[in-house]
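K.L.:
If you scroll down you'll find the structure; I have some questions about it.
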């Protein structure tokens, strides 16, 4: 096990290595839709790429979730099997809507799996971005 400082340092090295290996500007929070963001996540057991819809107004959050859900077959063409949860609860208790793809059996703390995570991130986020750019006007029309 790592000390808190060692774990923090490894996480920092991981994100720096990812940025250097794949220097690219991702959409992430720059969707021009408030609280509608693409995210990377890596932890000790898995890696994820997600679309988080964090809009506080449940009606608007639901409307964006329904729009994205209507694109499910297109998302799955680009990304493979996509998980979705209209009422996903974050660790802090906040309820959001989320679409995500997970890669199991990799760890942010195992440098031997970093390249595998990086390639997963690039492939899946690129797919999310292609769908977003292709259907941006449809998605934004709420």
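The values are calculated or read from the model by the stated rules, or taken from the named source; none is laboratory data. Computed from a predicted model, the values in this text were never measured in an experiment. Note that each Cβ is placed from the backbone with ideal geometry, even for glycine, and that neighbours are counted across all protein chains shown.
K.L.:
Please go through segment 84-122 and pick out each residue that is surrounded by fewer than 16 Cβ atoms within 10 Å (Cβ to Cβ) and in a helix (DSSP H, G or I).
P.N.:
111, 112, 115, 116, 119
K.L.:
For segment 32-42, give me each residue that is in a loop (DSSP other than H, G, I, E, B) and either modelled with pLDDT under 95 or closer than 11 Å to residue 125 by Cβ (or both).
P.N.:
The answer is 32, 33, 34.
K.L.:
Hey, another quick one. Yes or no: segment 52-75 includes at least one residue that is in contact with a strand residue (DSSP E or B) (Cβ under 6 Å, 6 or more places away or on another chain), closer than 27 Å to residue 17 by Cα and at pLDDT 95 or above.
P.N.:
Looking for residues that are in contact with a strand residue (DSSP E or B) (Cβ under 6 Å, 6 or more places away or on another chain), closer than 27 Å to residue 17 by Cα and at pLDDT 95 or above, one finds at least one in segment 52-75, hence yes.
K.L.:
Would you be able to say whether some residue in segment 7-24 is crowded, with 16+ Cβ neighbours inside 10 Å, under 16 Å from the mean Cα position of the chain (by Cα) and closer than 17 Å to residue 131 by Cβ?
P.N.:
No; the residues of segment 7-24 include none that is crowded, with 16+ Cβ neighbours inside 10 Å, under 16 Å from the mean Cα position of the chain (by Cα) and closer than 17 Å to residue 131 by Cβ.
K.L.:
Look through 55, 27 and report the one residue that is touching a residue at least 60 places away in the same chain (Cβ under 8 Å) and either under 30 Å from residue 138 (Cα atoms) or crowded, with 19+ Cβ neighbours inside 10 Å (or both).
P.N.:
On inspection, the qualifying residue turns out to be 27.
K.L.:
Same structure again: Using the structure shown, decide if residue 32 is free of Cβ contacts under 8 Å to residues at least 60 places away in the same chain, surrounded by fewer than 17 Cβ atoms within 10 Å (Cβ to Cβ) and either within 16 Å of the chain's Cα centre (by Cα) or more than 12 Å from residue 117 (Cα to Cα) (or both).
P.N.:
Judged against the criteria, residue 32 is not a match.
K.L.:
Return the total of residues in segment 25-46 being touching a strand residue (DSSP E or B) at 6+ places or on another chain (Cβ under 9 Å) and within 20 Å of residue 11 (Cα to Cα).
P.N.:
9
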